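Below is one structure, written out as structure tokens; comments come after it.
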Amino acid sequence: MGLDDFLEKTGKKETPFEVKEKISQPTKLIKVDEDIHKDLKIYSARTGKNIKETAEQAIREFLERNK
């Protein structure tokens, strides 16, 4: 079943791939020191959050304190 068949059979105008692209938000990569990355992994494991969420929260808090 090709994409054209999928579109005809389901009646949808978008493929599952197009929907996924719209949901994701653009992100920028940053490089961090190995020691910081290790600490992030440990903290994330303890709190149950992923590393991205933990790093974003830490950066937001830092920026708020230092405006």
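List of remarks:
- Ordering Lys28, Lys38 from the fewest to the most neighbouring beta carbons within 10 Å gives Lys28, Lys38.
- Rounded to whole Hz, the Karplus (6.51, -1.76, 1.60) HN-Hα couplings of region 50-67, x for glycine and proline: 7, 4, 4, 4, 5, 5, 4, 4, 5, 5, 4, 4, 4, 5, 5, 5, 10, 6
No lab work stands behind these numbers, since they all come straight from the coordinates. None of these values were measured; they are calculated from a predicted model. No Cβ is skipped: glycine too gets one built from the backbone with ideal geometry, and neighbour counts run over all protein chains shown.
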